[in-house]
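Following: one structure in structure tokens, then a few remarks.
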Amino acid sequence: MSLDFEKEIADVEKRIAELSALDKSRSPKRKAELTSLKRKVKSMTKKVYSELSPWDTVQIARHADRPLLRDFIDGMCSEFLELHGDRHQGDDKAMIGGFATLGGQRCMLIGMVKGRSVEEKVESNFGMPNPEGYRKALRLMKLAERYGLPIVCMVDTPAAYPGREAEERGQAEAIARNLTEMAALEVPIIVVVTGEGGSGGALGIAVGDAILMLRYAVYSVIPPEGCAAILWRDAAKAADAADALKITADSLLEFGVIDEIVDEPAGGAHRDPETTIAATQEAIVRNIKKLKRRGAKRLVDQRYNKFVKIGRFKHARS
Amino acid sequence: MGWFTTSSTKGDKNAAKGLFVVCPGCKSHIFEEERKNNLKVCPKCNHHDRLTYKERLDLIIDPGTFREFNSHISTTDPLEFVDGKGSYADKAAQAKAKTGMNEAIVTGSGNINGIRVVIGVMDFRFLGGSLASGTGEKILLAAEHALRMKRAFILFSASGGARMHEGIISLMQMAKTCAGISKLNKANIPYISVMTDPTFGGVSASYATVGDINLAEPGAMIGFAGRRVIEQTIKQKLPKDFQTSEYLLDHGFVDAIVNRSEMKDYLHNVLMYCSRKKA
Ligand SMILES: [Zn+2]
């Protein structure tokens, strides 16, 4: 699958694949052509990816081949012991968590599952947690706190599920409770926005000491389509809304909302998941090591200060 | 939007003159004078119309005891946001002119039947009571004041949610305000949330639903996602009383629904139970 703005790259990539398949004899002429085409792809990719619009970035963040939570777990963790259930309502398949070891560091890893196959997508509700998902996450965080384990939250969700039962079981309260409790947890919390950071649904597990974001992830107060429908009265203006909302990693770093951008190779994580996952693991482990040295009180104080200083307002003379 | 709409009373001479209005709750005609004397509550069906922050403060705080905090905190336009209809800067300027407010909330300290409290009152007229940088800052500073002075914090919500025009910075105000609430929790300072019509999105999913005590006005609409979004998602019609205060009470997210006329005394009574010092 290729995205609109990647069409030219995909065409050349296809040509390379065709030539490679055709050319068994490897004549010098063909070889030279292949080399030049490969070089061309590389420079085209570099160029296209240096000029991405926010709306292009949204497409990459939602790309079907982008690594998902299970890929990150498989690639980063030497062990993952999944722990199920919120102890009240059920076990949300859109939000999972458990004991994990990465780079020799034991931690509690929590995140949203989107699913790749149709069955997986349906089972995980397309990555949209219900209240029991947020409550399971909080239960696991509290468990981690008791045993001094750092918490790693991997964020990739379009939104908290907007459903009838979700409302009846307190979607708003579940998210609000997490925001309130996470502010005071006495263990390090590392957050990584890997794909879609969908509004309150993302924030519900995204209060932390180090907020990381992959280069082509997005994080927004409202999906661009939703914003366009309300403020432009036309969902088709999503690209304009994506521009206006400033949802890319660079903007968020500038606003002080995130602390670090985890680089993706040119061409995006969907072209090279291994490199992306390795870079993510490196960043998480580095931050765990750094934050573990901070005492509990300093950790909570600095997290508080970090969030309360976010905001841009003025002092009007009236 | 206020309920005094000329469109709903079109063709009615008396209504056009403002003598009486049509109640959006029961559609009956009520004398404007009677409605005003009744705290903007319909005498026939108990529909609670929205209040301005001034009307709310007059109702809850003992006369002459209110001291406002940080009234100068005002909006900027961090994203230089322009949508299909115009710029955020213009919209904010209009909201300020219309309401006389600098942000969607007024905070301060005042007395409730003699008990000094810290209070915040959101006003839906200011950009739909939306939560953004200035709103979040004022709530946080009020919570910090309550913490320092060991006074209860009472917050009346009225909001459509986070303000899109400040993008991710608005979203972060949810975490910011909840961090303030978390400090109150830890210090056993009472935090009482009162949800009024409407309380949605980023406000219901932050400070409004995590009160030590959650109160609501009758018939207020309270929820996370909007009704239309949910209906489009699940492709089903929702019950008529979905997302009303009464519905939330039934589902366990509100401690009590309190009539406007009884709210002040109710708050006072609750405070008497939640005060460690004054027995
Ligand atoms: Zn009525």
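Can you tell which of A:LEU203, A:LEU212 is open to solvent by less than 10 Å² (accessible area, probe 1.4 Å) and facing chain B (nearest Cβ under 7 Å)?
Exactly one of A:LEU203, A:LEU212 is open to solvent by less than 10 Å² (accessible area, probe 1.4 Å) and facing chain B (nearest Cβ under 7 Å), namely A:LEU203.
Spot the failing condition for B:CYS45; the list is (1) in a loop (DSSP other than H, G, I, E, B); (2) within 11 Å of the ligand (Cβ to nearest atom); (3) open to solvent by less than 40 Å² (accessible area, probe 1.4 Å), and only one is missed.
(3)
Given the criteria among the hydrophobic types (A, V, I, L, M, F, W, C), open to solvent by 70 Å² or more (accessible area, probe 1.4 Å) and under 21 Å from A:VAL207 (Cα atoms), does A:LEU299 qualify?
Spelling it out, it is not the case that A:LEU299 is among the hydrophobic types (A, V, I, L, M, F, W, C), open to solvent by 70 Å² or more (accessible area, probe 1.4 Å) and under 21 Å from A:VAL207 (Cα atoms).
So A:GLU264 clears everything in (1) open to solvent by 30 Å² or more (accessible area, probe 1.4 Å); (2) among the charged types (D, E, K, R); (3) more than 22 Å from A:CYS107 (Cβ to Cβ) except one condition, right? Which one?
Condition not satisfied by A:GLU264: (1).
Testing A:LEU291 on (1) over 24 Å from B:ILE105 (Cβ atoms); (2) crowded, with 17+ Cβ neighbours inside 10 Å; (3) within 13 Å of chain B (Cβ to nearest Cβ); (4) in contact (Cβ under 8 Å) with a residue 12 or more places away in the chain, one condition comes back false. Which one is that?
Failed condition: (3).
If A:SER27 satisfies every condition in (1) modelled with pLDDT under 90; (2) closer than 22 Å to A:ASP263 by Cα but one, which is the exception?
(2)
Given the structure, is B:ASP90 open to solvent by 10 Å² or more (accessible area, probe 1.4 Å) and under 16 Å from the mean Cα position of the chain (by Cα)?
no
When the stretch A:173-182 is examined, which residues are found to be open to solvent by less than 10 Å² (accessible area, probe 1.4 Å) and in contact with a Gly (Cβ under 9 Å, 6 or more places away or on another chain)?
Start the filter on the stretch A:173-182 by keeping residues that are open to solvent by less than 10 Å² (accessible area, probe 1.4 Å), which leaves A:174-176, A:178-180, A:182.
Those that are open to solvent by less than 10 Å² (accessible area, probe 1.4 Å) and in contact with a Gly (Cβ under 9 Å, 6 or more places away or on another chain): A:ALA174, A:ILE175, A:ALA176, A:ASN178, A:LEU179, A:MET182.
Would you be able to tell me the number of residues in the stretch B:53-78 that are of a type outside the set (D, E, K, R), in a loop (DSSP other than H, G, I, E, B) and surrounded by fewer than 20 Cβ atoms within 10 Å (Cβ to Cβ)?
Of the residues in the stretch B:53-78, 7 are of a type outside the set (D, E, K, R), in a loop (DSSP other than H, G, I, E, B) and surrounded by fewer than 20 Cβ atoms within 10 Å (Cβ to Cβ).
Go through the residues of the stretch A:160-169 one by one and say whether even a single one is among the aromatic types (Phe, Trp, Tyr), in the same structural domain as A:VAL221 (by TED's automatic domain parsing) and in contact with a helix residue (DSSP H, G or I) (Cβ under 7 Å, 6 or more places away or on another chain).
yes
I'm trying to understand the selection: among the residues of the stretch B:110-151, which are more than 14 Å from chain A (Cβ to nearest Cβ), within 19 Å of B:ASN185 (Cα to Cα) and open to solvent by less than 10 Å² (accessible area, probe 1.4 Å)? Break it down into steps so the answer makes sense when it comes.
If we filter the stretch B:110-151 for residues that are more than 14 Å from chain A (Cβ to nearest Cβ), which is where we start, we get B:110-125, B:129, B:146, B:148-151.
Right, trim to within 19 Å of B:ASN185 (Cα to Cα) and you get B:116-120, B:146, B:148-151.
Those that are more than 14 Å from chain A (Cβ to nearest Cβ), within 19 Å of B:ASN185 (Cα to Cα) and open to solvent by less than 10 Å² (accessible area, probe 1.4 Å): B:VAL117, B:VAL118, B:ILE119, B:GLY120, B:ALA146.
Only helices (runs of 4 or more DSSP H) wholly contained in the stretch B:164-236 count here; list those with 3 or more residues that are open to solvent by 20 Å² or more (accessible area, probe 1.4 Å).
Numbers: elements: B:167-186, B:201-204, B:227-234.
Of the helices (runs of 4 or more DSSP H) lying wholly inside the stretch B:164-236, those with at least 3 residues that are open to solvent by 20 Å² or more (accessible area, probe 1.4 Å) span B:167-186, B:227-234.
Using beta carbons and a limit of 8 Å, which pairs, at least six apart or on different chains, have the first residue in the stretch B:216-236 and at the interface with chain A (Cβ under 8 Å from one of its Cβ atoms) and the second one open to solvent by 60 Å² or more (accessible area, probe 1.4 Å)?
Correct list of pairs: B:ILE230/A:ARG164; B:ILE234/A:ARG164; B:GLN236/A:ARG164.
For the stretch B:26-42, what are the residues that are part of a helix (DSSP H, G or I) and either in the same structural domain as B:GLY160 (by TED's automatic domain parsing) or within 13 Å of the ligand (Cβ to nearest atom) (or both)?
B:GLU34, B:ARG35
Report the residue count in the stretch A:28-60 for those that are open to solvent by less than 40 Å² (accessible area, probe 1.4 Å) and out of contact with any His (no Cβ under 9 Å at 6 or more places or on another chain).
Counting residues in the stretch A:28-60 that are open to solvent by less than 40 Å² (accessible area, probe 1.4 Å) and out of contact with any His (no Cβ under 9 Å at 6 or more places or on another chain) gives 12.
For the stretch A:205-318, which helices (runs of 4 or more DSSP H) that fit wholly inside it have 2 or more residues that are of a type in the set (Val, Ile, Thr)?
Output list reads A:273-292, A:296-308.
Can you tell me which residue within the stretch B:24-33, out of those that are among the charged types (D, E, K, R) and farther than 25 Å from B:GLU246 by Cβ, is least open to solvent (accessible area, probe 1.4 Å)? Walk me through it before giving the result.
To start, the set of residues in the stretch B:24-33 that are among the charged types (D, E, K, R) comprises B:27, B:32-33.
With farther than 25 Å from B:GLU246 by Cβ added as a condition, the list becomes B:32-33.
Details: B:GLU32: 30, B:GLU33: 124 Å².
Among those that are among the charged types (D, E, K, R) and farther than 25 Å from B:GLU246 by Cβ, it is B:GLU32.
Which count do you get for residues in the stretch A:139-176 that are touching a residue at least 40 places away in the same chain (Cβ under 8 Å) and within 12 Å of another protein chain (Cβ to nearest Cβ)?
9
I need a count of the residues in the stretch A:226-247 that are within 26 Å of A:THR276 (Cβ to Cβ) and either open to solvent by 30 Å² or more (accessible area, probe 1.4 Å) or facing chain B (nearest Cβ under 8 Å) (or both).
Residues flagged as within 26 Å of A:THR276 (Cβ to Cβ) and either open to solvent by 30 Å² or more (accessible area, probe 1.4 Å) or facing chain B (nearest Cβ under 8 Å) (or both) within the stretch A:226-247 amount to 5.
Would the stretch B:73-81 turn up any residue that is under 30 Å from A:SER251 (Cβ atoms), more than 23 Å from the chain's Cα centre (by Cα), away from the ligand (no atom under 16 Å from the Cβ) and without any contact (Cβ under 8 Å) to a residue 24 or more places away in the chain?
yes
The values are calculated or read from the model by the stated rules, or taken from the named source; none is laboratory data. This structure is a prediction, so every number in the text was calculated from the model and none was measured. We place every Cβ from the backbone using ideal geometry, glycine too, and count neighbours over all the protein chains shown. We work out accessible area using only protein heavy atoms, side chains counted, and drop any ligands, DNA or RNA first. Shrake-Rupley method; radii C 1.70, N 1.55, O 1.52, S 1.80 Å.
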